[in-house]
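The values are calculated or read from the model by the stated rules, or taken from the named source; none is laboratory data. Because the structure is predicted, anything quoted here is derived from the model rather than measured. All Cβ positions, even for glycine, are placed from backbone atoms using ideal geometry, and neighbour counts span all protein chains on display. For accessibility, only protein heavy atoms count, side chains too; no ligands or nucleic acids. Shrake-Rupley method; radii C 1.70, N 1.55, O 1.52, S 1.80 Å.
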Amino acid sequence: MKDFVDIEAIKAFVGMKVLVFGLGILGGGVAAANWLIRHGARVTVTDLKTEADLAVSLDQLDHPVTLKLGGHNEKDIRNCDLVLFNPDIPVSSRYVRLAKKLNKRVENEATLFYRLCRLPIVAVTGTRGKTTTCAWIEHFLKHRFAAVPAGNSPDNPFMHTLQKLEDRAADVASNREGKAGVVVNELPSYHLEYFQGASRSPEIALVTNIYRDHLNRHTSMEEYVDTKANVFRCQKASQLLILNYGNVWTEYLRQKADSQNVLFFSASRLPGDVAGLYHDNDWARFRGQGEIRAETVLETRGFAGEHGRHNLENLLASALAAHQAGVPWPEIQAGVGTLPEIAFRQEIIFRNDRLMVVNDNAATSPDGCTAAVRRFGNENCILITGGTDRELTYEAWAVTVRKRIAADNLIFLEGSATDKMLHELSGYIRSPDIKKSLDACFSVALQRAGDFKDATIVFSPGAKSFEKFDNEFERGRAFNTIVDRELKGLKR
């Protein structure tokens with residue numbers, strides 16, 4: 001057990017007064033609260049939402065637990081030993097500042113997991129491609145290691161994974177099969193805000209890319225990128241940082257990496273003095289640290305054409321991380337042909353000889369939607385887009401949309417981001433088609449698709465969803481439900 005978790009540190013939670021600040025509805029808060037309760041902590045849960053709003057989450061809570069719902073009270077912070085903040089609470093919040101001023105222990109579910117888990121960790125952060133890269137790393141690791149997902153989706157909350165490591169350590173790490181356990185986890189900036197002063201960094205930290213995002217929370221791009229850099233701030237010389245050579249923010253990150261061991265991935269050739277994995281014609285080639293010649297290690301013929309250039313970068317990133325974790329190149333090559341398709345990420349959810357429907361719900365920024373338009377856009381493509389603005393810009397997005405999507409094939413879900421999109425497309429669209437619901441959007445898209453012998457409908461919002469849905473997962477599931485209902489009975 002001690003090889004999986006820090007037993008002594010876990011024992012310290014017995015009798016500890018812990019305030020779970022923000023239970024939420026995605027499962028992370030519930031998993032954290034239940035873990036604390038099971039380990040003898042005296043748990044209080046506070047949330048702005050009411051008991052009715054949190055009914056599903058509350059039904060999953062173990063007891064005993066004290067509930068303080070419908071608002072927050074500073075007295076609860078003063079009366080606890082540790083405050084476990086929901087990642088939706090920014091570190092700039094007055095409640096976080098108060099907890100620190102009072103010298104309370106401040107954590108979120110990710111920092112707590114990192115303190116208590118002893119397995120080696122491969123962590124992925126960045127603006128785009130995190131979930132796909134994590135899933136593909138797990139895919140490449142699975143035949144040689146027991147890949148343990150943590151925090152990568154609502155199905156794998158951090159503390160639920162930690163509980164599984166404790167309860168079923170032998171099964172989770174598959175020691176009976178002779179496989180070592182490796183944690184693979186996704187770290188958004190909201191989690192990484194709390195990693196300032198962290199005592200542990202992952203054995204392999206990977207930054208997929210940096211684009212303009214989350215500026216409704218961060219005061220500047222520099223602050224946003226600095227937050228991402230928390231993933232590697234306390235790495236040791238024996239640990240590894242992987243960066244995207246072609247991204248405009250890579251040099252900024254590299255300067256913050258000090259003496260870390262750094263490798264790069266690139267969809268284009270790397271300079272001769274740069275170590276890492278790069279794409280060259282139909283091959284991926286690897287150059288190690290201090291080496292002059294690159295070794296041809298993977299065949300990538302046709303991959304970018306079929307999956308998109310962005311997924312070529314995700315492939316190179318995940319392959320490099322898996323290789324550095326100990327997977328030989330031939331095993332990685334064998335796994336390329338069976339890479340899993342990731343839900344809500346350019347996911348093809350319906351296809352027959354006349355129609356293909358793509359759910360790209362996870363494209364919550366203009367860059368994400370742009371990638372989908374580049375991959376699927378043509379004269380027969382109908383794009384459903386739009387949502388909530390987060391102080392993002394749509395100029396570059398509009399340039400790509402104008403090139404790849406016919407004006408009559410654009411359908412917008414109303415929202416504050418949609419207003420920005422339409423501004424950037426002024427002069428291109430005479431009479432914008434704006435709908436109040438996703439149902440109405442798909443109904444119109446289906447009618448337009450009937451004009452073509454071979455049509456593609458792409459739902460790629462390029463924005464969040466606060467004006468219509470509680471969260472992106474709800475929005476993605478809603479689109480799938482609509483498609484299943486409208487296309488029920490059609491041959492696939």
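Which value results for Rg/Rh of segment 364-459 when Rg is the Cα radius of gyration and Rh the Kirkwood radius based on the inverse mean 1/r?
Over the Cα atoms of segment 364-459, Rg/Rh equals 0.92.
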For the residue pair residue 402 and residue 423, what label-to-label distance in nm results when each label sits 7 Å from Cα along the Cα-to-beta-carbon direction? 1.6
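What accessible area per residue, rounded to a whole number of Å², is obtained for segment 1-99 using a probe radius of 1.4 Å?
48
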One would report the antiparallel percent of DSSP beta bridges in segment 336-473, rounded to the nearest 5, as 25
Of the beta bridges DSSP finds with both residues in the chain, what % are antiparallel, to the nearest 5? 20
Compute and list, largest first, the equivalent-ellipsoid semi-axes of the chain from the alpha carbon gyration tensor, each √(5λ) rounded to a whole angstrom. 36, 30, 21
What is the percent carbon and sulfur in the accessible area of the chain, measuring with a 1.4 Å probe over the protein chains and ignoring ligands? 47
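Just subtract the alpha-carbon distance of residue 477 and residue 258 from 0.36 nm times their residue separation and send over the number in nm, one decimal. Don't skip to the end; give the middle numbers.
Details: separation 219, 0.36 × 219 = 78.84 nm, distance 4.28 nm.
The residue 477-residue 258 span can extend by a further 74.6 nm.
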For segment 1-60, just the Cα atoms, rotate onto the principal axes and tell me the three extents in Å, largest first. 40, 21, 15
So for segment 402-444, using the alpha carbon gyration tensor with a ≥ b ≥ c as root eigenvalues (a/c under 1.5 gives rounded; past that, a/b versus b/c decides prolate or oblate), I'd call it oblate
Please sort 13-23, 68-78, 436-446 by packing, taking for each peptide the average over its residues of neighbouring beta carbons within 10 angstrom, highest first. 13-23, 436-446, 68-78
What shape does segment 317-370 have by the C-alpha gyration tensor, where a ≥ b ≥ c are the square roots of the eigenvalues, rounded means a/c under 1.5, and otherwise prolate means a/b greater than b/c and oblate the rest? oblate
Mark the label point 7 Å from the Cα of residue 7 along Cα→Cβ and return the residues of segment 94-138 whose backbone N is within less than 16 Å of it. 116-119
Grab the DSSP H runs of the chain that are 4 residues or longer, score each as -39,500 (n - 2.57), total them, divide by all residues and round the 222 nm result to the nearest 500 deg cm²/dmol. -10000 deg cm²/dmol
Shape category assigned to segment 40-97 from the gyration tensor of Cα positions, a/c cut at 1.5: oblate
Taking Cα centroids, how far is segment 95-118 from segment 178-247 in Å? 17
Distance histogram in 5 Å bins (all Cα pairs of segment 356-403, percent per bin): 5, 20, 36, 25, 12, 3, 0
Simple spin-label estimate for residue 88 and residue 38 in nanometres, 7 Å along Cα-Cβ: 2.4
Residue 379 and residue 486 label points (each 7 Å along its Cα→Cβ direction) are spaced in nm at 2.4
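Show me 235-243, 447-455 ranked by packing, highest mean number of other Cβ atoms within 10 Å first.
Per-residue mean Cβ counts within 10 Å order the peptides as 235-243, 447-455.
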Positive end of the charge dipole of segment 377-492 (Lys, Arg +1 and Asp, Glu -1 on Cβ, about the Cα centre): tell me which of 443, 385, 407 has its Cα farthest that way. 443
May I have the pair-distance distribution P(r) for segment 87-160, computed from all Cα-Cα distances with 10 Å bins from 0 and rounded to whole percent? 15, 40, 29, 12, 3
Extension reserve of the residue 167-residue 59 stretch, reckoned as 0.36 nm per residue once the Cα distance is removed: 36.7 nm
Express in whole angstrom the spacing between the alpha-carbon centres of segment 383-417 and segment 446-492. 16
May I ask for the Kirkwood hydrodynamic radius of segment 312-430, worked out over all distinct Cα pairs and given in angstroms to one decimal? 16.3
Can you flag which of 130/453; 68/104; 420/468; 104/164; 68/468 are past 25 Å Cα-Cα? 130/453; 104/164; 68/468
